[in-house]
Amino acid sequence: MATRIRVNGMTYETHAEVVEKAILLADGVDSVETDIDEFTATVEGDADVDDIVEKVEMAGYDAEPL
């Protein structure tokens with residue numbers, strides 16, 4: 001199942017790498033793909049969306065489910 005979230009402040013590839021690493025820490029994440037032009041992350045797997053958002057926020061970015 002795919003989950004999309006908006007990640008505010010993710011404007012550079014280095015930001016995207018930090019966000020991807022943070023999301024991969026959530027249980028149930030199989031893969032993650034970020035898009036810095038759309039400020040989004042698409043997460044594959046059965047991870048809880050609240051857990052994904054929490055991991056992104058712990059990395060220093062605002063996040064919300066789409």
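Just to be sure I understand: if I project the alpha-carbon convex hull of the chain onto a plane and average over all orientations, what area do I get in nm²?
So the mean shadow area of the Cα hull is 3.4 nm².
In which sequence would Leu66, Leu25 go, from the one with the fewest C-beta neighbours within 10 Å to the one with the most?
Least to most surrounded, the residues fall as Leu66, Leu25.
Any idea which of Val43, Val29, Tyr61 is furthest toward the positive side of the dipole for the range 2-65, if Lys and Arg beta-carbons carry +1 and Asp and Glu beta-carbons -1?
My answer, from the dipole projection, is Tyr61.
Once every DSSP H run of n ≥ 4 in the chain is given -39500 (n - 2.57) and the sum is divided by its residues, what mean residue ellipticity at 222 nm do you get, rounded to the nearest 500 deg cm²/dmol?
That comes out to -9500 deg cm²/dmol.
Order by neighbour count: Thr3, Thr40, Thr11, fewest other Cβ atoms within 10 Å first, most last.
Lowest count first: Thr11, Thr40, Thr3.
Taking only C-alpha pairs under 8 Å that are 6+ residues apart, what is the relative contact order of the range 2-65 in percent?
Once normalised by length, the contact order is 44 percent.
Quick note: the coordinates plus some simple rules give every number you see, no bench work behind them. Note that the structure is predicted; figures quoted are calculated from it, not measured. All Cβ positions, even for glycine, are placed from backbone atoms using ideal geometry, and neighbour counts span all protein chains on display.
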